[in-house]
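*Asks:* Attaching a single structure in structure tokens format; questions to follow.
No lab work stands behind these numbers, since they all come straight from the coordinates. Just so it is clear, the structure is predicted and the values come from calculations on it, not from any experiment. In this analysis, Cβ positions are derived from the backbone assuming ideal geometry, glycine residues included, and neighbour counts consider all displayed protein chains.
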Amino acid sequence: MMRTLAFVLGGVGAAGLAAVLAISGTPTQAQQQAKATADSTTAPAIVDTGSLKGPRQPIFFRHDIHAGQLKMQCQYCHYSVAVSTEPGIPSMQTCMGCHLVVSGSDSSAKTEIKKVRDAWNAKQPVEWVRVHFLARHAHFPHQRHIKALGPSACTTCHGDVARMPQVFKVNNVNNMGFCVTCHLERNVSRDCSVCHY
Ligand code: HEC
Ligand code: HEC
Ligand code: HEC
Ligand code: HEC
Ligand code: HEC
């Protein structure tokens with residue numbers, strides 16, 4: 001297991017990895033990190049970020065690398081998606097569980113990972129730009145949907161995030177038709193008060 005991960009991390013020795021696993025603490029996190037194994041589909045090297053869809057983020061964090069190539073589960077970072085209205089955005093501590101050791105294999109990755117470390121050292125949380133959001137008067141509980149549609153349902157609403165170098169909107173979720181169409185198909189309540197209060 002460790003040897004596979006060491007291969008993925010390229011250059012990080014087994015001692016470094018033992019450190020990563022030790023820092024991470026809880027067994028679930030260690031398990032998750034052990035899952036970060038190589039995939040045959042390697043995320044592409046990207047030189048021109050200007051042409052990517054979606055809002056530019058303060059750090060070029062790539063889902064196609066973390067969720068795609070490294071196969072990290074969505075819930076490793078969006079930790080409350082199955083239990084709360086809000087899916088949760090990972091803290092810097094989650095990132096540093098790996099990035100204390102993983103510094104990047106090419107110059108672009110090194111530059112971006114340095115930003116993660118600098119933010120951590122300065123105790124400055126990263127201000128990610130929000131991609132999906134609803135108007136104040138509408139209410140969306142993630143946990144109800146994950147329970148009913150399953151943990152892999154993210155793609156239904158968000159598209160194939162695991163293949164996105166930068167997250168963009170596949171569906172306009174802030175649209176009553178988008179919600180009601182599926183509620184109608186699945187025979188879920190369409191009472192106004194379910195979504196508006
Ligand atoms: C290593 C941590 C990590 C993993 C694993 C991860 N994400 Fe994320 N996700 C983030 C961070 C950080 C952001 C905010 C920055 C951004 O938008 O890229 C984010 C943003 C998002 C957003 C956009 C949120 C918004 O503002 O609307 C979606 C949707 C999302 N993730 C879905 C997923 C899905 C689906 C998976 C699994 C296939 C996944 N994420 C796996 C860390 C992660
Ligand atoms: C399970 C370990 C792990 C966790 C947790 C993790 N990363 Fe990474 N990350 C990696 C690996 C491995 C690479 C690939 C490094 C390389 O070979 O260049 C990487 C690459 C990166 C890169 C450079 C490539 C890119 O994505 O643009 C950035 C920036 C980055 N991570 C930011 C983050 C942030 C921010 C978080 C927390 C939200 C995070 N990482 C969480 C393991 C992790
Ligand atoms: C039925 C549609 C649907 C499904 C399924 C769904 N989402 Fe969402 N997601 C939304 C909507 C709608 C919003 C905007 C919510 C808001 O503004 O209150 C959102 C927002 C988000 C955000 C941004 C939250 C923030 O605080 O910035 C993340 C991250 C996210 N979703 C991740 C996920 C993940 C991971 C999954 C799968 C485990 C998932 N979503 C499944 C509809 C969905
Ligand atoms: C892909 C299908 C799908 C989409 C799209 C969808 N929903 Fe749902 N929604 C469901 C299902 C299935 C349930 C039933 C969950 C259960 O039985 O607990 C549900 C339940 C709900 C509930 C709880 C209902 C109750 O009886 O308490 C709310 C609130 C809700 N959805 C809001 C929304 C909003 C707002 C949107 C659009 C942003 C949306 N949904 C989009 C499938 C969907
Ligand atoms: C399944 C969730 C859901 C249900 C059920 C629902 N809505 Fe909505 N509604 C939304 C969402 C999401 C929006 C998008 C937010 C926006 O456009 O401002 C919205 C928008 C609206 C708007 C603003 C539209 C606009 O163009 O500004 C009104 C008015 C509205 N809904 C009334 C209702 C009424 C009346 C009912 C009951 C017959 C109802 N809604 C049922 C989710 C829902």
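*Asks:* Full-extension gain between D118 and N175, please, as 0.36 nm times their residue separation minus the C-alpha to C-alpha distance.
*Replies:* On the way: separation 57, 0.36 × 57 = 20.52 nm, distance 3.83 nm.
This chain segment gains 16.7 nm when fully extended.
*Asks:* Also, I was wondering about something else. Under 29 Å Cα to Cα from K123, which lysines show up? Leave out anything in the same chain fewer than 8 places away.
*Replies:* The reachable lysines, counting only those whose Cα sits under 29 Å from K123, are K35, K71, K110, K114, K115.
*Asks:* Within segment 97-138, list the trypsin sites (Lys or Arg not before Pro) lying in a DSSP loop whose Cβ has at most 13 other Cβ atoms in a 10 Å radius.
*Replies:* Working: sites: K110, K114, K115, R117, K123, R130, R136; in loops: K123, R130, R136.
Here the trypsin sites (Lys or Arg not before Pro) that fit, given the DSSP loop and packing criteria, are K123, R130, R136.
*Asks:* Once the other residues with Cβ under 15 Å from the Cβ of E127 are scored (Lys, Arg +1; Asp, Glu -1), what is the net sum?
*Replies:* Values: positive: R56, K115, K123, R130; negative: D118.
Once positives and negatives cancel, what remains is +3.
*Asks:* What number does segment 140-187 give for Rg over Rh if you use C-alpha atoms and the Kirkwood radius? Mind showing how you got there, number by number?
*Replies:* Details: Rg = 11.5 Å, Rh = 11.8 Å.
Ratio of gyration radius to Kirkwood radius for segment 140-187: 0.97.
*Asks:* Sort D160, D48, D64 so that the residue with the fewest other Cβ atoms within 10 Å of its own Cβ comes first and the one with the most comes last. Write out the running numbers ahead of the final one.
*Replies:* Numbers: D160 13, D48 6, D64 20.
Result, fewest neighbours first: D48, D160, D64.
*Asks:* Given H placed on each backbone N at 1.01 Å, which residues far from N175 in sequence or on other chains put an amide H within less than 5 Å of it?
*Replies:* HN-HN under 5 Å from N175: empty list.
*Asks:* Cβ under 14 Å from V116's Cβ, V116 left aside: what net charge do those residues give with Lys, Arg +1 and Asp, Glu -1?
*Replies:* On the way: positive: R62, K110, K114, K115, R117, K123; negative: E112, D118, E127.
Its environment carries a net charge of +3.
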